[in-house]
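One structure is given below, encoded as structure tokens.
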């Protein structure tokens, strides 16, 4: 071994390789989590849109029916 070689170089290389593999696994896990969260958000967004549409229709029906029976002025 020459005087210029780092005596810890081999161990450092092994540690860097392990760190790289762990970072790759972590990245894959984060990607999978991102996909799952996106699916969950899309499912809930669809439900929220449906509830919003139902409430909007209900509100319009209430206004229409109150106007039809002449009570709209009293309700406001």
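Quick note: the coordinates plus some simple rules give every number you see, no bench work behind them. Please read all numbers here as calculations on a predicted model, not as lab measurements. Methodologically, a virtual Cβ is constructed for each residue, glycine included, from the backbone with ideal geometry; neighbour enumeration extends over all protein chains shown.
Go ahead and run the numbers for FRET between residue 46 and residue 16, Cβ-Cβ distance against an R0 of 35 Å, rounding to 0.05.
The pair residue 46/residue 16 has a calculated efficiency of 0.20.
Radius of gyration and Dmax for the chain's Cα atoms, expressed in Å?
Expressed in Å, the Cα Rg and Dmax of the chain come to 31.6, 101.
Using a simple spin-label model with points 7 Å from Cα along the Cα→Cβ vector, what separation in nm is obtained for residue 68 and residue 9?
Distance between the two pseudo-spin positions: 8.8 nm.
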